[in-house]
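**Student:** Quick one: the structure is below, questions incoming.
The values are calculated or read from the model by the stated rules, or taken from the named source; none is laboratory data. The structure displayed is predicted, hence computed values, not measured ones. In this analysis, Cβ positions are derived from the backbone assuming ideal geometry, glycine residues included, and neighbour counts consider all displayed protein chains. Side chains are part of the model used for accessible areas, which takes the heavy atoms of the whole protein and leaves out ligands, DNA and RNA. Shrake-Rupley method; radii C 1.70, N 1.55, O 1.52, S 1.80 Å.
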Amino acid sequence: MAINYATKKNSEKTKQKKGVGMTIVFYALNFLLVPFSAYQTYVGYSEFLGEFPALILAAVSALIFFGLNYTIKERRGNGQPHFIHSLGYLLPLCISLPGNFNSIYGAQMQETLVAKELAVYSNVLNSTYTDGVASLNSSTGLTDLRAALTSQLISLETQIKVHGGFGKEAAKEWTSIETLFKAYNAQYRKSTVPGLTKVRGTDYDDFEETAELYYDGIEQSKSDEIYAVVQPLKVNYDSLNITYDRIIRAEAIKSEGFGLLEELRKTNNNIGNSFKSYIADTVLYNFQLLEESDERQVGTIKHSLESAFVKFENPSATFFGTFFSLIIDLIPLGFLFLVFPYTKNSQRKQRAKHTIL
């Protein structure tokens, strides 16, 4: 008759193996997540406090996390109370949470917020430039001069061609045209300029040619003045628009967006002030003076908290930023409570006593 031998599993060895495995996982979590949390804390605080203070805070929070996690694990294993130690988790959490949130939320929102602000600043710059060119052209007074000259020439033509040549009334009309140019020169051409040349002949065409040539000279002079003002501003304006288009197409907002915001601000204000200094008081020209963008503060704790919890600019980014900021630090602690059993010392002694009996 065959005899079957059966071996009984050693539950104590199985528990020990499981305990070793969980301990390895515990240390792995701590050596992975705590340094990661420290890095996020450093990134989150670096814009706010500077690199060295941020590094100190990150190191302090990491050391406290390591210490508390290890202490809580040991005390749970020994059946010792650890409520105070668990409560002490709030200290490093309060240090790391703002930094972690700022780092995670800022990474999600930086490109979106800066892109929106770039579009706003670019539109303001476009308005400042185009309105400035239009106002500068209006400030020359050429539109009113052209209308008045056309009307005066029609009256002169009527006197000469209908009422019998260049007589007394026609002479008055021509004097009015001379006065028109003198008044214009006094108001819009500050330097002393010669008046109308003497007309050779008495036909209307002679007077018209003289007046039109003089007007063309004024128009060319004003065109040269406008070109001298606008051209340097146009160079900066066009160059900045090219840069803006390049950054948008290359999706380089994160790396170059902050610098471009400041360039847009400076260029807009410079162009607006330059136009305003050349435009005559008779023409109303106002432009939007750009202040330093709030979005240049993206990456600071204050900006992230305001954007997330005051303006609610992106609820999903707020949720994920908060969730991952907490979960990074709480996973090791949660793992302790879920995996490592806790039995009070008094209960252990009682069990040992029953076992001996």
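**Student:** Determine the pairs where a residue that is more than 15 Å from SER127 (Cα to Cα) and basic (Lys, Arg), located within the stretch 233-258, has a partner that is open to solvent by less than 60 Å² (accessible area, probe 1.4 Å) and modelled with pLDDT under 90 with Cβ atoms under 7 Å apart, the partner being 6 or more residues away or on another chain.
**Tutor:** Close Cβ pairs satisfying both conditions: LYS254/GLN110.
**Student:** Quick one: which helices (runs of 4 or more DSSP H) sit completely within the stretch 41-152 and have at least 1 residues that are in contact with an Asp or Glu (Cβ under 8 Å, 6 or more places away or on another chain) and open to solvent by less than 30 Å² (accessible area, probe 1.4 Å)?
**Tutor:** Values: elements: 51-77, 83-87, 90-138.
Per the criteria, 51-77, 90-138.
**Student:** Additional query: So which residues in the stretch 26-40 are closer than 20 Å to GLU51 by Cβ and polar (S, T, N, Q), if there are any at all?
**Tutor:** SER37, GLN40
**Student:** Out of everything in the stretch 178-235 that is surrounded by 14 or more Cβ atoms within 10 Å (Cβ to Cβ) and among the aromatic types (Phe, Trp, Tyr), what residue ends up being nearest to THR267 (Cα to Cα)?
**Tutor:** TYR188
**Student:** Continuing with the same structure: Filtering the stretch 23-40 down to residues that are among the aromatic types (Phe, Trp, Tyr) and open to solvent by 40 Å² or more (accessible area, probe 1.4 Å), which residue is nearest to ILE327 (Cα to Cα)? Give the derivation first.
**Tutor:** Kept after step one, since they are among the aromatic types (Phe, Trp, Tyr), are these residues of the stretch 23-40: 26-27, 31, 36, 39.
Now narrow it down to the ones that are open to solvent by 40 Å² or more (accessible area, probe 1.4 Å): 27, 31, 36, 39.
On the way: TYR27: 17, PHE31: 15, PHE36: 12, TYR39: 15 Å.
Ranking the qualifying residues of the stretch 23-40, first place goes to PHE36.
**Student:** Oh, and also: Among GLY165, GLY217, GLY141, which is the only one that is small (Gly, Ala, Ser) and over 51 Å from the mean Cα position of the chain (by Cα)? Steps first, please.
**Tutor:** Working: GLY217 fails: over 51 Å from the mean Cα position of the chain (by Cα); GLY141 fails: over 51 Å from the mean Cα position of the chain (by Cα).
Of GLY165, GLY217, GLY141, the one residue that is small (Gly, Ala, Ser) and over 51 Å from the mean Cα position of the chain (by Cα) is GLY165.
**Student:** How do the pairs read when you match residues in the stretch 198-220 that are not in a helix (DSSP H, G or I) with residues anywhere that are not aliphatic (A, V, I, L, M), using Cβ under 6 Å and keeping only pairs 6 or more apart or on different chains?
**Tutor:** Taking only residues 6 or more apart or on different chains, the pairs are VAL199/ASP206; VAL199/PHE207; VAL199/THR210; THR202/PHE166.
**Student:** Report, ordered by the first and then the second residue, all pairs with beta carbons closer than 6 Å, sequence separation of six or more or different chains, a first member in the stretch 306-325 that is open to solvent by 60 Å² or more (accessible area, probe 1.4 Å), and a second member that is among the polar types (S, T, N, Q).
**Tutor:** Pairs found: GLU313/SER307.
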